[in-house]
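Notes follow once the structure below has been shown.
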């Protein structure tokens, strides 16, 4: 029994030591969306190891970069604001929850971008 107790104790310690890293990774992934494409670019170039954070950084850069460009077109300006707000809250929530939520088309581009930049 002592061997099983020490083995399960070692497994629990390993899980506990990984928990703060995962929580920090989720927070950092959510922060990639905080200032839109600006924080996306910062995290994309500074994060070297965590593919989860790099993916969200790339997706943030693409989504909010495109929305920023589209916001200069007067006819669709109001829509880009509302769409941006909804995506901002939704994507931050998904990233903080630890989910690698991939937007259609953008997610595929983000996968490619995270692999090409900053490695």
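The values are calculated or read from the model by the stated rules, or taken from the named source; none is laboratory data. Just so we're clear, the structure is a prediction, and the values are computed from it rather than from any experiment. We place every Cβ from the backbone using ideal geometry, glycine too, and count neighbours over all the protein chains shown.
Worth a mention:
- Residue among 113, 109, 87 that is farther than 15 Å from residue 26 by Cβ, touching a helix residue (DSSP H, G or I) at 6+ places or on another chain (Cβ under 7 Å), in a helix (DSSP H, G or I) and in contact (Cβ under 8 Å) with a residue 60 or more places away in the chain: 113
- Considering (1) in contact with a helix residue (DSSP H, G or I) (Cβ under 8 Å, 6 or more places away or on another chain); (2) assigned to a loop (DSSP other than H, G, I, E, B); (3) modelled with pLDDT under 95, the lone condition that residue 76 does not fulfil carries the number (2).
Residue-wise test of (1) surrounded by fewer than 16 Cβ atoms within 10 Å (Cβ to Cβ); (2) at pLDDT 95 or above.
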{"position": "49", "(1), (2)": "yes, no"}
{"position": "61", "(1), (2)": "no, yes"}
{"position": "67", "(1), (2)": "no, yes"}
{"position": "87", "(1), (2)": "no, yes"}
{"position": "101", "(1), (2)": "yes, yes"}
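- Residue that is surrounded by the fewest Cβ atoms within 10 Å (Cβ to Cβ) [pool: residues in the stretch 90-99 that are in contact (Cβ under 8 Å) with a residue 24 or more places away in the chain and part of a loop (DSSP other than H, G, I, E, B)]: 97
- Among the numbered conditions (1) within 22 Å of residue 108 (Cβ to Cβ); (2) in a helix (DSSP H, G or I); (3) at pLDDT 95 or above, the only one that residue 45 does not meet is (3).
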